[in-house]
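Bear in mind these aren't lab numbers, they're just calculated from the coordinates by the rules spelled out. Everything quoted here is computed from the prediction, not taken from an experiment. Cβ sites come from the backbone with ideal geometry, for glycine too, and all protein chains shown count toward neighbours.
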Amino acid sequence: MERRFACTQCGACCNRPPELELGEAAAYADTFVLRLMLRIYSLPRALGDDVSDLPREEASAEYYESKRLLSQFAATSWPAKVRRAGRVIEYVQYLSLSVLPLDLGSGACPALSDNRCSIYERRPLSCRSVPLHYSRPAAAAARDLDAFVATSGFACATGLDEPVIIADGAITDSATLAARADAAMQAEQDRAWKAALVKAMKLGQFGLPSPKEVEAQASRGALTVSMLPAWRAADGAGLFAAQPLLEAQSGLIERTLDGAGLPLDTVSTLAAMLQEYRPANRRV
């Protein structure tokens, strides 16, 4: 079955900042106040232990593609066991390290201006792959698209006059396929940085949480910290010079704090981040 889709530029899906891959962060250091996001994804080690109401063939396709994508984008992984219905199920825990711009409380992406993207020509990969995020299995694309266009307030066009983007269970839209390929390439380029971060986490360096601390937080959602430790870990591993990025971030934080109408909790977060960055600007 085919799916058709076209963006109507309603701006409704730009209701929060976009998640970035690590390697994208430098390009937005003067655009978004950046936070390192640490998150755990879990997948049963065996397909037979995967809980799914889908037909066997569909469940199998989604499971194996999810496994491939998690291995591709995760920083590291480790085994875990969970007791369910009286038996122990073996899982694999995948540690995801990405970048999440700080939500300034406006109900919209900070790059949205007059209901238009002010950075459209250089928008992040997650934005380029809307409505079919590159980290999601293509086998689930039709179901993902159905859920996306049904979101309250979204004005997506899905009529018979719109382009086909999914046909016979496969993504056919060239822009979406290009974004997915670029994301895979970015993940490969980020491996050294992710390895440096995992090493720093295990050694307790730069104030980063340990993998086990992130795992303990998993049931409550993702954990975010300042990007400063990530910049420092990259600099320490000789991957790139972090100083220009620290200066760009601290300058943006100062300008953001000077703005009006920020929620008190956002002001508190920004002020704490600025205190972190000021000494770092003198020396990484």
Q) In debye to the nearest 20, how big a dipole does the chain give about its Cα centre with +1 on each Lys and Arg Cβ and -1 on each Asp and Glu Cβ? A) 1060 debye
(Q) Only Cα pairs within less than 10 Å get springs; with that Gaussian network setup on the chain, which residue of L245, L197, L47 has the largest fluctuation? (A) L47
**Q.** Filtered trypsin sites (Lys or Arg not before Pro), the stretch 191-284: DSSP coil and at most 11 other beta carbons within 10 Å
**A.** R283
Q.
Based only on other Cβ atoms within 10 Å, what is the fewest-to-most ordering of V149, V164?
A. V164, V149
Q) Using a simple charge model, +1 on the beta-carbon of Lys and Arg, -1 on the beta-carbon of Asp and Glu, nothing else, what dipole does the stretch 187-284 show about its Cα centre, in debye to the nearest 20? A) 340 debye
